[in-house]
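Only one structure is covered here, and it is reproduced in the block below.
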Amino acid sequence: MTSQPPITQQVTFIYTRDLATASAFLRDKVGLQLALNQNDLCHIYTVAPNAFLGVCVNREPPAEPGVTYSFVTPDVDSMYETLKARGVEFEAPPTLSERFNVYSCFFRGIESYRFEIQAFRNADWPAPLTAS
């Protein structure tokens, strides 16, 4: 039996060419609260405890709409090694993105969807909530 990786939160990232309009929709129409603004390149909204929706313009050049599903974990390196040992092929080993202040790595799976393992290094990122 395979052990469950140490995932504490989840973020789904979608991409847009107009961050202001997309953020206004999520904030004003859907009613989501901003959890983190990453240098006006990506706005991450709280959807539920430990679940978030990020809307970003960080793809260069602007690509067609896409999705990145992110597993947030306190131990990116361990999860990377575990999944790599299970045969997951990564784009590259974990690295620190100074642009977004996250430590992460990416892989493709299930119909070429993009997945990410990440740890936020920004002190403003909300800590995982635990069930009471």
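Here is how the numbers come out for the structure above:
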| read-out | value |
| --- | --- |
| Qualifying residue in region 57-64 (condition: surrounded by fewer than 11 Cβ atoms within 10 Å (Cβ to Cβ), touching a residue at least 40 places away in the same chain (Cβ under 8 Å) and small (Gly, Ala, Ser)) | yes |
| Residue satisfying all of: in region 1-31; of a type in the set (A, V, I, L, M, F, W, C) and without any contact (Cβ under 8 Å) to a residue 24 or more places away in the chain; surrounded by the fewest Cβ atoms within 10 Å (Cβ to Cβ) among these | MET1 |
| Subset tally (residues that are of a type in the set (D, E, K, R) and either part of a strand (DSSP E or B) or surrounded by 17 or more Cβ atoms within 10 Å (Cβ to Cβ) (or both)) for region 97-122 | 3 |
| Subset tally (residues that are in a loop (DSSP other than H, G, I, E, B) and either more than 19 Å from GLN9 (Cβ to Cβ) or touching a Gly at 6+ places or on another chain (Cβ under 7 Å) (or both)) for region 86-96 | 7 |
| Qualifying residue in region 45-58 (condition: over 17 Å from ILE7 (Cα atoms), modelled with pLDDT under 90 and not in a strand (DSSP E or B)) | yes |
| Close pairs (8 angstrom Cβ cut-off, 6 or more residues apart or separate chains): of a type in the set (Lys, Arg) in region 86-102, exposed (fewer than 13 other Cβ atoms within 10 Å of the Cβ) anywhere | ARG86/THR2; ARG99/ASN39; ARG99/LEU41 |
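The values are calculated or read from the model by the stated rules, or taken from the named source; none is laboratory data. None of these values were measured; they are calculated from a predicted model. Quick reminder, even Gly has a Cβ in these numbers, built from the backbone with ideal geometry, and neighbours come from all protein chains shown.
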